[in-house]
Amino acid sequence: MSDRHVVVGVAKVRARWFSEVAGWSSAGLAPIEFVKCISASDAAQRLVERSDVAAVLLDERAPGPIL
């Protein structure tokens with residue numbers, strides 16, 4: 001079992017928090033694998049493809065309908 005949790009993030013590409021969370025993941029500051037999605041439909045597809053997703057972070061300003 002991995003010590004890293006899979007977290008799917010849905011936001012506009014330039015959302016500040018989006019890049020901050022990705023940075024925490026890359027630097028090992030947060031024990032997560034951060035999967036960035038730029039639409040709710042993209043996130044829905046990732047959820048279908050992966051059974052190991054622990055959480056979804058959804059920005060209310062993300063494009064597309066809510067999941």
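The values are calculated or read from the model by the stated rules, or taken from the named source; none is laboratory data. These numbers come from a predicted model, not from an experiment. In this analysis, Cβ positions are derived from the backbone assuming ideal geometry, glycine residues included, and neighbour counts consider all displayed protein chains.
Of the numbered criteria (1) of a type in the set (Lys, Arg); (2) out of contact with any Gly (no Cβ under 9 Å at 6 or more places or on another chain); (3) more than 13 Å from His5 (Cα to Cα), the one Arg50 fails is (3).
Scanning region 1-27 for residues that are among the small types (Gly, Ala, Ser) and either touching a helix residue (DSSP H, G or I) at 6+ places or on another chain (Cβ under 9 Å) or not in a helix (DSSP H, G or I) (or both) returns Ser2, Gly9, Ala11, Ala15. Test Ala30 against the criterion of being touching a His at 6+ places or on another chain (Cβ under 6 Å) and either outside any helix (DSSP H, G or I) or surrounded by fewer than 11 Cβ atoms within 10 Å (Cβ to Cβ) (or both), and give yes or no. When the stated conditions are applied, Ala30 does not pass them. Being at pLDDT 95 or above and not aliphatic (A, V, I, L, M) is the filter; apply it to region 1-15 and report the residue that is nearest to Ala54 (Cα to Cα). Top of the filtered list is His5.
Within region 41-67, residues that are in contact (Cβ under 8 Å) with a residue 40 or more places away in the chain sit with their Cβ atoms under 8 Å from residues that are outside any helix (DSSP H, G or I) and loosely packed, with under 10 Cβ neighbours inside 10 Å, at 6+ positions apart or across chains, in these pairs: Leu58/Ile66. Evaluation of Val48 against the conditions (1) part of a loop (DSSP other than H, G, I, E, B); (2) surrounded by fewer than 11 Cβ atoms within 10 Å (Cβ to Cβ) shows that the sole unmet condition is (1).
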